[in-house]
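A quick write-up on the structure given underneath.
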Ligand code: PSV
Ligand code: MN
């Protein structure tokens, strides 16, 4: 729906400044044996991050929700929004569905429609944290006291079956992965036995894992609290690793940046999981206090840079092929504007991580020279790499200045006119 010619037209007045800034930066970056700027641009242009289907509408809190207007009314309209986003930023080439918030009646038709818009299907997400007619059927079972961890075998079975349904749906859509985030836990000390809950979840995940088709992967996503406020079964990366190991070889861990207790060293978690070959993917967002689901890179950009540093180290000079996704809740901003800014922050962190002189850093580490190590990291992190990200976008036919382009195009107003002011997208 966003025409490439319109993007080119909007880029036109910006091109000469951009070219000059890019040339200056490229000369600086490449000086004295620095990385080849062309290689950095190529890596950025090739990077893809999935957009979440559940965050194309306004996010809410328990204190209210203030709809932005023109929210997608069905999965097909979510695909339209992600296609618009892709046209602007280039890097969002897939959508991640959450079932049953998304439960397309004609998956093959949806797949074809999405492909026509240049959008593929990233990891599927199962929802066993809410009761819903399509997951808990006729009300005989409920997830109130857990899904895979529930003491009731029929409820556990319903949760397994929902995951199998999601895998089968994903096959029809062309997805190749399943992300399992469970709300299972307790609110009250003594409410349930920690070990029994964990063992039930491990058993359930094994059953789901065994249903994965050839070439599929499965991700366990940990989170310390919310909605469970005393204990959560998959509460931290250690539990997540144990569960992935118990599930089987196709399982690995997904790191949502908001799912850590305050001050956790997330980059070290990333390094550990990569080291044991069980790092599966990311949900990008940022936070100040808990799982705030704020714009990626808006609060702790240095942490994001360090995480990308670990990824580049793990991938031997490029980020490894993992499931990269944005998982945010847009309470105040237009969701698409928030996703534009998040994608930009991700590209910038990646570019800066690629600028780190890793050989010199290793020498500084081995030489016990923390001051030099800091200089090397700061030299990369303090570099304004925005022209590199802009150039990567331009090579993907996207916008040099995506937020300004989005506003100039008037996408939101057009969607309000088409979909209505009071529409509410399914999701968070
Ligand atoms: C849970 O907080 C989470 O991060 C999981 O990824 C869910 O699937 C998603 O948010 C939506 O609730
Ligand atoms: Mn998440």
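Overview of values
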| item | result |
| --- | --- |
| Meets criteria (over 17 Å from residue 346 (Cα atoms) and either assigned to a helix (DSSP H, G or I) or more than 13 Å from ligand 2 (Cβ to nearest atom) (or both)) for residue 215 | yes |
| Test: residue in the range 73-81 that is within 16 Å of ligand 2 (Cβ to nearest atom) and touching a helix residue (DSSP H, G or I) at 6+ places or on another chain (Cβ under 9 Å) | no |
| Leading residue by the ranking (nearest to ligand 1 (Cβ to nearest atom)) among those in the range 234-256 that are surrounded by 23 or more Cβ atoms within 10 Å (Cβ to Cβ) and within 20 Å of residue 314 (Cα to Cα) | 254 |
| Hey, residue 40 in contact with a helix residue (DSSP H, G or I) (Cβ under 7 Å, 6 or more places away or on another chain), at pLDDT 95 or above, in a helix (DSSP H, G or I) and surrounded by fewer than 19 Cβ atoms within 10 Å (Cβ to Cβ) or not | no |
| Matching residues, the range 50-68, being part of a loop (DSSP other than H, G, I, E, B) and out of contact with any helix residue (DSSP H, G or I) (no Cβ under 6 Å at 6 or more places or on another chain) | 57, 58, 59, 62, 63, 66, 67, 68 |
| Enumeration of residues in the range 174-210 that are within 30 Å of residue 109 (Cβ to Cβ) and under 24 Å from the mean Cα position of the chain (by Cα) | 174, 175, 176, 177, 178, 179, 180, 181, 208, 209 |
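One line per residue, one yes/no per condition, for (1) farther than 30 Å from residue 378 by Cβ; (2) without any contact (Cβ under 8 Å) to a residue 24 or more places away in the chain; (3) not in a strand (DSSP E or B):
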site: 12; (1), (2), (3): yes, yes, yes
site: 22; (1), (2), (3): no, no, yes
site: 30; (1), (2), (3): no, yes, yes
site: 70; (1), (2), (3): yes, no, yes
site: 81; (1), (2), (3): yes, no, yes
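Let's see how each residue does on (1) free of Cβ contacts under 8 Å to residues at least 12 places away in the same chain; (2) surrounded by fewer than 20 Cβ atoms within 10 Å (Cβ to Cβ); (3) closer than 18 Å to residue 381 by Cβ; (4) away from ligand 1 (no atom under 16 Å from the Cβ):
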position	(1), (2), (3), (4)
297	no, no, yes, yes
320	no, yes, no, yes
348	no, no, yes, yes
351	no, no, yes, yes
357	no, yes, yes, yes
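The values are calculated or read from the model by the stated rules, or taken from the named source; none is laboratory data. All of these numbers come straight from a predicted model, not from anything done at the bench. A quick note on method: Cβ atoms are made from the backbone with ideal geometry, for glycine too, and the neighbour counts reach across all protein chains shown.
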